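No lab work stands behind these numbers, since they all come straight from the coordinates. All figures in this text were calculated on a predicted structure; none of them were measured in a lab. All Cβ positions, even for glycine, are placed from backbone atoms using ideal geometry, and neighbour counts span all protein chains on display.
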Amino acid sequence: MTTGEKIFGIGAREAQEIHNDIARPENRLIRLEQIIGHEKKGIPPLIPMSRQGWVKGVKEGRHPQPVYLGNSRIPFYRLIEILDLVHGEYKSERVI
């Protein structure tokens, strides 16, 4: 790619900055099966617990709240909040 070439209407430098911003852990989203694992799919758990236990923890404010993209019903979770939870540094922002 040449210096002046554009991708999707933006320059290569701007495209690289967008990529770097997306790749930061605080901007990444992961699915529940990536957190609690999925034995049949061979996904190891970050936090070994049941789905029901995770949902109860979310409702009680002990675990991060999910994020929904668009009209999706699939919950995603912010990676940075999950990593904080794993390291014991997660503080719920939820007011009860």
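Descriptive notes on the structure:
- Dmax and Rg, reported as Rg then Dmax, of the stretch 28-86 (C-alpha, Å): 11.1, 29
- Computing FRET efficiency as 1/(1 + (r/R0)^6) for Ser50 and Asn27, where r is the C-beta to C-beta distance and R0 is 35 Å, gives about 0.80.
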